[in-house]
Amino acid sequence: NFHVEYVRAEPPAVPTGFWRGVGPNNNVFAVECAMDELARKAGKDPIEFRRAMLGSKPRALAVLNLAAEKANWGEKLPPRVGRGVSLQPSFETFIATIVEAEVDDKGEVALRRVTSVVDTGIAVNPDTVKAQLEGGLIFGLTAALWGEITIEKGRVQQSNFHDYRMLRINEVPKIEVHVVKSGEPPGGIGETGVNGGPPALRNAIYAATGVALRRMPIDRSLIAAGKKA
């Protein structure tokens, strides 16, 4: 027997709805950020730390290994540049995402490169899979960098793109998506791209600065001060 309950908590009189990516947005972020902190406590490389637990998960291990290869994981980086990884089984699809980012002394973050490897089972149209992941990654990384909604006197303060930022064309890094050939049943792809970007970015910031953020969007003042959020 299995019983599940939930409580929907939202600001009074402010209507809310589901956000692209739904449950895995919160869960993948929590799990993958915790994994990086545990890896550091264990003195392990984040990729190696994950590999050691994936003996019974060949599809997850395969996308992780290929992402590490394609992203040149382990290659030396300049100061204040880090790579972060996120591994997710979402909607019966396995995705490994690696974000490379640079952080200046004011806490501003510049995206340098994104590498994503996906095993979604039988890919009927691989170009559509790539397009969904590219769009989802931009959507999720935008939210991680700027996507905060604030409410005053019961009203949302943000009104348009001048005060609710989006990634501009010149800010979008090179995005590489590699689709694994698979004979497994098709999984979901429309929302999965959103889930991998924020935790991979957070872990890149963690690698570059040692600051372990605990919420999104990123707090630049905490990064600059070298504090945990």
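The values are calculated or read from the model by the stated rules, or taken from the named source; none is laboratory data. Since the structure is predicted, the reported quantities are computational estimates derived from the model, not experimental observations. Here the Cβ positions follow ideal geometry from the backbone for every residue, glycine too, while neighbour counts run over all protein chains shown. Side chains are part of the model used for accessible areas, which takes the heavy atoms of the whole protein and leaves out ligands, DNA and RNA. Shrake-Rupley method; radii C 1.70, N 1.55, O 1.52, S 1.80 Å.
Count of the stretch 195-211 residues, restricted to those that are crowded, with 24+ Cβ neighbours inside 10 Å and among the polar types (S, T, N, Q), is 2.
Residue by residue through the stretch 105-114, note down the ones that are open to solvent by 10 Å² or more (accessible area, probe 1.4 Å) and within 20 Å of E32 (Cα to Cα).
Hits for the stretch 105-114 are V109, L111, R113.
Among L87, L54, which is of a type outside the set (V, I, T) and over 17 Å from P198 (Cα atoms)? Give the steps one after another, and end with the answer.
Numbers: L87 fails: over 17 Å from P198 (Cα atoms).
Exactly one of L87, L54 is of a type outside the set (V, I, T) and over 17 Å from P198 (Cα atoms), namely L54.
Looking at K181, is it basic (K, R), over 15 Å from V109 (Cα atoms) and crowded, with 17+ Cβ neighbours inside 10 Å? Judged against the criteria, K181 is not a match.
Restricting to the stretch 137-154, count the residues that are in contact (Cβ under 8 Å) with a residue 40 or more places away in the chain and over 26 Å from V114 (Cβ atoms). Qualifying residue count for the region: 2. Checking the structure you have, find out if any residue of the stretch 202-209 is at negative phi and without any contact (Cβ under 8 Å) to a residue 60 or more places away in the chain. The answer is no; no qualifying residue exists.
Within the stretch 212-224, residues that are buried (at least 18 other Cβ atoms within 10 Å of the Cβ) reach partners that are polar (S, T, N, Q) and modelled with pLDDT of 95 or more with beta carbons closer than 8 Å, at six or more positions or on different chains, in the pairs I223/T209.
All of V211, V177 fail the test of being in a loop (DSSP other than H, G, I, E, B) and at pLDDT 95 or above, apart from V211.
Is it the case, given these coordinates, that G74 is touching a helix residue (DSSP H, G or I) at 6+ places or on another chain (Cβ under 7 Å) and small (G, A, S)? So G74 does not fit the description; no. Based on what the data block shows, is I95 under 12 Å from the mean Cα position of the chain (by Cα) and more than 17 Å from G188 (Cα to Cα)? Against the criterion (under 12 Å from the mean Cα position of the chain (by Cα) and more than 17 Å from G188 (Cα to Cα)), I95 does not qualify.
I want to confirm something. Restricting to the stretch 105-143 and keeping residues that are part of a helix (DSSP H, G or I) and of a type in the set (G, A, S), which single residue is nearest to the chain's Cα centre (by Cα)?
First pass over the stretch 105-143, keeping only residues part of a helix (DSSP H, G or I): 126-143.
Imposing the further condition that a residue be of a type in the set (G, A, S) reduces the set to 131, 135-136, 140, 143.
Values: A131: 17, G135: 13, G136: 10, G140: 7, A143: 10 Å.
Restricting to residues being part of a helix (DSSP H, G or I) and of a type in the set (G, A, S), the top hit is G140.
Here the condition is being open to solvent by 50 Å² or more (accessible area, probe 1.4 Å), within 22 Å of N25 (Cβ to Cβ) and either at pLDDT 95 or above or among the hydroxyl-bearing types (S, T, Y) (or both); of T128, T192, T142, T150, it holds for T128 alone.
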